[in-house]
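Quick notes on the structure that follows.
Read-outs throughout are calculated quantities, based only on the coordinates presented, and are distinct from any laboratory measurement. Note that the structure is a prediction, hence the values are computed from the model and not measured. Neighbour counts run over all protein chains shown; Cβ positions are idealised from the backbone, glycine included.
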Amino acid sequence: MIEKLGGKCIKCDFSDLRALQIDHINGGGNKEVKSFTHKDKYYSFIENEITTGRYQILCANCNWIKRYEQKEGRSYG
């Protein structure tokens, strides 16, 4: 899936697979993950949705920065 989405962070071009993450562009990833009982079903769902434009690849650092800036997941003060 990471390769299908470009294989590198869209913000900084980092490409080490060990730190790349699939990001939900408009947030809502935690809620979406929790709606599936098994991770395998979730990954199959994402693979089928990969062309929808809802997902992007970010490295772990850029993903956490995005979460903080957009106040995703929990309250940031």
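Worth a mention:
- Cα-centred dipole magnitude for the chain, charges only on beta-carbon of K, R (+1) and D, E (-1), debye, nearest 20: 260
- Qualifying chymotrypsin sites (Phe, Trp or Tyr not before Pro) in the chain, where qualification requires a DSSP coil assignment and no more than 13 other C-beta atoms within 10 Å, comprise Tyr76.
- Look at the alpha carbon pairs under 8 Å that are at least 6 residues apart: their mean separation over the length of the chain gives a relative contact order of 44 percent.
- A simple spin-label model places pseudo-atoms 7 Å from Cα toward Cβ; at Asp40 and Asp16 they are separated by 3.1 nm.
- Along the range 52-63 the Karplus relation, 6.51 cos²θ - 1.76 cosθ + 1.60 evaluated at θ = phi - 60°, assigns HN-Hα couplings of 7, x, 8, 10, 8, 9, 10, 6, 4, 5, 5, 5 Hz to successive residues, with x for each Gly and Pro.
- HN-Hα J in Hz across the range 14-29 - Karplus 6.51, -1.76, 1.60, θ = phi - 60°, x for Gly and Pro: 4, 10, 6, 4, 5, 10, 8, 9, 7, 10, 8, 3, 9, x, x, x
- Amide H contacts of Tyr55: Ile25, each under 5 Å away and 5 or more positions distant or on a separate chain (H built 1.01 Å from N in the peptide plane; Pro and chain starts excluded).
- Taking Glu32, Glu47 and counting other C-beta atoms within 10 Å, the order from fewest to most: Glu47, Glu32
- Here the translational diffusion coefficient of the range 17-69 follows from Stokes-Einstein with Rh set to the Kirkwood radius across Cα pairs; for 20 °C and 1.002 mPa s it amounts to 182 µm²/s.
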